[in-house]
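Data block below; observations after.
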Amino acid sequence: NPRLRKKMKDNVVKNKSFAFAVRIVTVYQFLGEQKKEFVLSKQLLISGASVGVMIREAEHAESKSDFKHKMGISQKEINETIYWLELLRETNYMTIEQFESINADAIEIIKLITTIIKSTKANIDN
């Protein structure tokens, strides 16, 4: 659907999710090299990168319903990422400052995704 693709192109969530994924890769590298933590950080890497992947997939959705579904998966992935960030913070692999910085980005992204899903749902229902 060309209108959905244009909407995604103009939406900041695509760029923010990619920048977030870059930050997640950096955190993953830091945790492996500096903290010798490989299990939790791998989970963080997978979910943190998946957010943007699903947003990109939504760009090429076959319908509004498919778009909403893919954005819903993206919402679940960012929520999971927040969980891993909180766990890494509570187990002292991240400082409060490190956590608060990247978690703020995650919260911003989940709010954007939630707004997009609500808007899409309203458009489908009308």
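The values are calculated or read from the model by the stated rules, or taken from the named source; none is laboratory data. Everything quoted here is computed from the prediction, not taken from an experiment. Reconstructed Cβ throughout: ideal geometry from the backbone, glycine too, with neighbour counts over all protein chains shown. Just the protein is used for accessible areas: all its heavy atoms, side chains included, with ligands, DNA and RNA removed. Shrake-Rupley method; radii C 1.70, N 1.55, O 1.52, S 1.80 Å.
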Among residues of region 89-126 being free of Cβ contacts under 8 Å to residues at least 40 places away in the same chain and not in a helix (DSSP H, G or I), the residue nearest to the chain's Cα centre (by Cα) is 95
Pairs returned, first residue in region 16-38 that is in contact (Cβ under 8 Å) with a residue 12 or more places away in the chain and in a loop (DSSP other than H, G, I, E, B), second residue that is open to solvent by less than 70 Å² (accessible area, probe 1.4 Å) and among the aliphatic types (A, V, I, L, M), beta-carbon separation under 7 angstrom, 6 or more apart or interchain, are 37/31
Within region 64-122, the residues that are of a type in the set (Gly, Ala, Ser) and either open to solvent by 30 Å² or more (accessible area, probe 1.4 Å) or touching a Phe, Trp or Tyr at 6+ places or on another chain (Cβ under 9 Å) (or both) are 65, 101, 104, 106, 119, 122
Residue count, region 9-28, condition within 20 Å of residue 80 (Cβ to Cβ) and not β-branched (Val, Ile, Thr), comes to 9
Check your understanding: Does residue 13 satisfy being among the aliphatic types (A, V, I, L, M), out of contact with any helix residue (DSSP H, G or I) (no Cβ under 6 Å at 6 or more places or on another chain), in contact (Cβ under 8 Å) with a residue 12 or more places away in the chain and surrounded by 14 or more Cβ atoms within 10 Å (Cβ to Cβ)?
Key -> no
